[in-house]
1. What are the lysines whose alpha-carbon lies under 28 Å from the alpha-carbon of LYS313, with same-chain residues fewer than 8 places away excluded?
2. Go through the stretch 367-378 residue by residue and turn each phi into a ³J(HN,Hα) via Karplus (6.51, -1.76, 1.60, θ = phi - 60°); whole Hz please, and just put x for glycine and proline.
3. Each residue of the stretch 330-341 in turn: what ³J(HN,Hα) in whole Hz from Karplus with 6.51, -1.76, 1.60 and θ = phi - 60°, glycine and Pro shown as x?
4. Can you grab the distance from the C-alpha centre of the stretch 169-217 to the C-alpha centre of the stretch 384-400, Å, no decimals?
5. Which percent, nearest 5, of DSSP beta bridges in the chain are antiparallel?
6. Could you work out the local net charge near ARG79, counting Lys and Arg as +1, Asp and Glu as -1, over the other residues with Cβ closer than 12 Å to its Cβ?
7. Once you list every other residue whose beta carbon is under 15 Å from the beta carbon of GLY438, what net charge do they have if Lys and Arg are +1 and Asp and Glu are -1?
8. Rank by packing, highest mean first: peptides 394-407, 262-275, 293-306, with packing defined as the count of other Cβ atoms within 10 Å averaged across residues.
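Taken together, the values in this text are just the output of simple stated rules run on the coordinates, not laboratory data. All values derive from a computational prediction rather than experimental measurement. Cβ coordinates were reconstructed from backbone atoms using ideal geometry, including for glycine residues, and neighbour counts include every protein chain displayed.
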Amino acid sequence: MNRRQFLATSTLAAAPLILPASRLFGAETPSNKLNLALLGAYGRGHAHWDVLATQNLVALCDVNEKHLALAAERFPGARRYVDWRECLEHPDLDGIVVCTLDHTHAMIALRALKRNLHIFLEKPLGITVEEARLVRAAYLERRDRVATQVGTQRHAHPNFNRVRELIRDGILGELEEACAWGDRQYRRNGYPPAQGEPPPELHYDLWLGPASFHPYNPEYFAGAVGMNCLQWNMYWDFGSGQVGDMGAHTMDLVWNAIDATHPTSATATGDPFNPEVTPVELAAHFEHPANAWRPAIKVSWYQGGRLPESPSKWVDLRKIGHGALFTGTRGHLICDFTNRLVIPLGNRADLTYYRPRAETEVLPTMRGFVEQWFTACRDPKRHSTSCNFDYNGLMTEQQMLGLAAYRAGRQLAYDGATGRVTNDAAANQFLRRTYRDGWPLEA
């Protein structure tokens with residue numbers, strides 16, 4: 001037995017034994033707490049410690065045993081795992097909170113859904129069109145049994161509701177276009193070269209998981225706690241760059257307001273293609289069909305310094321690091337996560353056509369993003385979440401289609417019913433990715 005096998009074995013052996021508990025909804029259950037597992041126990045997972053302490057955290061999983069030990073100081077009764085596949089087999093689990101690397105999200109979600117586990121999944125839901133579609137479909141088959149939430153926590157800001165109300169109530173007239181942008185710029189030339197050996201507490205092969213093999217480099221593990229994703233999510237094998245990072249938060253401002261399904265086309269331009277690194281600069285455009293309350297519209301995503309044209313010489317969009325812009329026949333609305341600005345369009349927008357909602361008619365403020373998921377877990381038929389795998393799955397599918405259009409280098413016609421590009425058969429290869437042997441994507 002080598003040192004790493006010994007460490008993994010001794011960690012599990014030393015962990016406290018969790019005896020099978022009564023099921024959550026059993027008549028003999030003295031409390032209504034959920035039996036949960038935290039996958040990715042430190043890093044981003046650390047941000048969830050306080051809220052998870054209100055439930056029964058029965059299992060911890062992390063590929064770094066030092067991180068497991070730190071989490072165990074807060075949750076000494078939780079059993080420890082280094083492999084999330086084993087953690088999902090923990091007895092009497094009700095749900096999981098997933099804070100692992102982006103390229104493992106869809107794989108974990110699919111296996112957990114097969115076990116009818118409730119899932120809180122940090123964004124992004126997946127890093128390809130195929131992953132987003134598979135996870136969404138698996139959830140829709142079980143939506144009356146399981147509660148899901150994707151970790152776009154900014155959705156809890158009241159401004160999301162106010163923007164939706166203004167758009168739906170017609171303050172801009174008829175909606176014509178919507179876009180979102182983010183200005184983060186982390187440039188890399190390619191995967192870091194081999195440097196040193198993994199420390200004994202790190203199960204590096206499990207960290208790689210379904211990704212192709214890349215040699216160890218400590219650069220992947222640098223960065224602040226909770227922000228370490230900025231060290232690896234720009235590489236194609238590990239993430240989707242800013243499209244799936246802040247793009248998941250900022251496009252949510254648009255998605256929450258426009259009631260969209262699948263786009264019918266996508267086109268994107270950006271940095272020259274790098275087979276190892278996702279683009280920093282990117283502009284992606286999508287055509288969405290009409291729905292019951294609005295006509296067909298154009299939706300766009302900009303990043304890395306690219307921006308839409310400002311609707312007013314008095315507004316400098318460069319000063320809004322992450323924002324959204326809506327354009328209608330009678331004006332514009334500019335917003336970020338917490339603020340909004342309406343710009344009426346001259347004489348065509350006297351606002352006499354707009355009636356503000358009464359205080360009793362406004363959408364209620366969310367009392368807690370994770371807490372909303374807790375409530376839905378206890379009765380998925382009666383309670384819903386705002387960012388479930390249906391809502392977020394569609395948004396993620398659109399965003400990843402933009403990356404596919406960028407890689408194809410042309411406008412793609414898209415059939416949302418089948419998840420196929422219809423005008424360029426070769427471009428369908430960019431809707432999916434391959435997985436390392438031993439790590440199948442279970443549909």
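1. LYS313 reaches LYS298.
2. Going residue by residue, I get 7, x, 6, 6, 4, 4, 5, 3, 4, 5, 4, 6 Hz, with x marking Gly and Pro.
3. Coupling constants for the stretch 330-341: 10, x, 10, 10, 10, 8, 10, 5, 10, 9, 8, 9 Hz.
4. The two parts, judged by their Cα centres, are 19 Å apart.
5. The antiparallel proportion sits near 60 percent.
6. Net charge around ARG79: -2.
7. Values: positive: ARG85, ARG111, ARG436; negative: ASP83, GLU86, ASP205, ASP437, GLU442.
Spelling it out: positives minus negatives among the neighbours equals -2.
8. On the way: 394-407: 25.4, 262-275: 16.6, 293-306: 18.9.
Going by the mean number of other Cβ atoms within 10 Å, highest first, we get 394-407, 293-306, 262-275.
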